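Report on the following structure.
What follows is calculated from the coordinates using simple rules that are stated; it is not laboratory data. Computed from a predicted model, the values in this text were never measured in an experiment. Every residue, glycine among them, receives a Cβ derived from its backbone with ideal geometry; neighbour counts consider all protein chains shown.
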Amino acid sequence: MISRRGVLALALAACAARPRRAGAADAASGATAVRAPLSAADPGSAAAAIGDTSGTPGDAAAPAGGAAGTTEAAKDQAAIAGTALPGRIRLLVGASPGSAPDTVARGVAPFLARQLPGVAIEIQNLTGEAGLTAMQALADAPPSGATLGWVASPTLPARMVDRGAPDLLSRLRLLGAVQEEPIAFVSLPATSDTSVQDLVRRSSEDADAVPLGTPPPGSPPHLAALRLQALAGTRLNIVTFPSSAAARAAAIGGNVAAAALGMAVVVDDLREDRLSGLGIAASARMDTLPDIPVLQEAGLDLAAAITRGLAAPSGLPDALAATLAAALQAVAADPDFVALAETGGFLANWTDGPAWTALVGAEQARLAAVWATEAWLPSAGQ
């Protein structure tokens, strides 16, 4: 599995990282800072980095007085007027520090900071209700641009369905997505299963003998497994684990016949032959792993990817939304970000806000149909 520290190290190295130390108030809130570059034309001059949460304020935060303080105050006034971003953005992540979603968010943040010179980004982990707590806090925040959220689908539409929050999408403004992570079905190389079809066939004969491991109920890989079950018309023995790491360990240990996991979780295992790829739920094969077939090649019309990007409260002014969307689009095209994607098992892909909103709406309808016949258990896991 690609190391979480490795993802961060690659991201920070790509942005020539330098830490910014946050003050005691940041440490108390659980926030960590991402330092923006001094010059967008020279990202290495003062790189975006995830900083410490202890010590005294560093040079990323403008001092209270003097020209720098005046500049930051002017930015805040412009933000209130809806004409410019504030000098500091709080980025909400609905997962615990060190979890897979948190690691991905921290890997992307330096690239976003690179595109927003002079803006300090602070990551705040806000856990609860499998991500719903953070999304609701985002929806309730003032639409000034000072609070944004790192959001994923199908997590967002799943919480709308399984937590009874159908109006949540209308309370958010999706700014754009920069990442797609396909769901991979994997097993030990030595097993008799060489494809997802083998897994389905054996399950139809004796489902109990073919446990399929996934992360917690309602997680994207678990939802993909439920959709596979519906498409195949065969009951699968889906066994859920507390986390992606636990499901991966079960697969490597031979405790399950196969597992459904995000590609980033298993990409290194596939490259190093610790696991074998039965298939990926994507529309096309991945360039970095061209030998693993997509499920559609076997007649299983299942494309399931985790799409990630930024969201804001619904009332965010159009000017600020346009600025943030442009920054996100630049992130998706950043050669360093594309290189990180190839290493990390995901795709750097730009999806604009309206298109992503339509995708989430369609996913909500599809998941509501699944929920009506196969309600998954609520879970706070990630």
Item to check | Overall Cα dimensions of the stretch 258-324, principal axis frame, Å, largest first | outcome: 48, 28, 22
Item to check | the stretch 182-305, dipole about Cα centre (Lys/Arg Cβ +1, Asp/Glu Cβ -1), debye to the nearest 20 | outcome: 280 debye
Item to check | Cα-centre dipole for the stretch 154-231 with unit charges at Cβ (Lys and Arg positive, Asp and Glu negative), debye to 20 | outcome: 440 debye
Next on the checklist: Please list 3J(HN,Hα) in residue order for the stretch 204-216, calculated via the Karplus relation 6.51 cos²θ - 1.76 cosθ + 1.60 where θ = phi - 60°; whole Hz, with x for glycine and proline.
Outcome noted: 5, 7, 6, 4, 4, 7, 10, x, 10, x, 9, x, x
Checklist entry - Just going by the charge dipole of the stretch 206-349, with Lys and Arg at +1 and Asp and Glu at -1 on Cβ, which of Ala332, Thr307, Ala246 is farthest out on the positive end? => result Ala246
Checklist outcome for this item: Taking alpha-carbon centroids only, the stretch 98-165 lies from the stretch 235-301 a number of Å equal to 26 Å
Checklist outcome for this item: In whole Hz, the Karplus estimates of ³J(HN,Hα) for the stretch 154-168 (6.51, -1.76, 1.60; θ = phi - 60°; x where Gly or Pro) are x, 4, 4, x, 5, 5, 4, 7, 7, 10, x, 10, x, 8, 4
Next on the checklist: Given the stretch 182-305, report the % of alpha carbon pairs whose separation exceeds 25 Å.
Outcome noted: 10 percent
Checklist entry - Can you list the residues, at least 5 places off or on another chain, whose amide H is less than 5 Å from the amide H of Gly213, using H built in the peptide plane? => result Val239, Ala257, Ala258, Ala259, Ala260
Checklist entry - If packing is taken as the mean number of other Cβ atoms within 10 Å per residue, what is the order of 329-338, 313-322, highest first? => result 329-338, 313-322
Checklist entry - Hey, what do the phi angles of the stretch 227-243 turn into as Karplus ³J(HN,Hα) couplings, whole Hz, using 6.51/-1.76/1.60 and θ = phi - 60°, x for Gly and Pro? => result 5, 4, 4, 5, 5, 6, x, 10, 5, 9, 8, 7, 10, 8, 10, x, 7
Checklist entry - Taking 0.36 nm per residue of separation and subtracting the Cα-Cα distance, what length does fully extending Ala207 through Arg235 add? => result 9.4 nm
Item to check | Relative contact order computed over the stretch 182-305 (Cα-Cα under 8 Å; 6+ residues apart), in percent | outcome: 36 percent
Item to check | Two-decimal ratio, the stretch 226-382, of alpha-carbon radius of gyration to 2.2 N^0.38 Å | outcome: 1.18
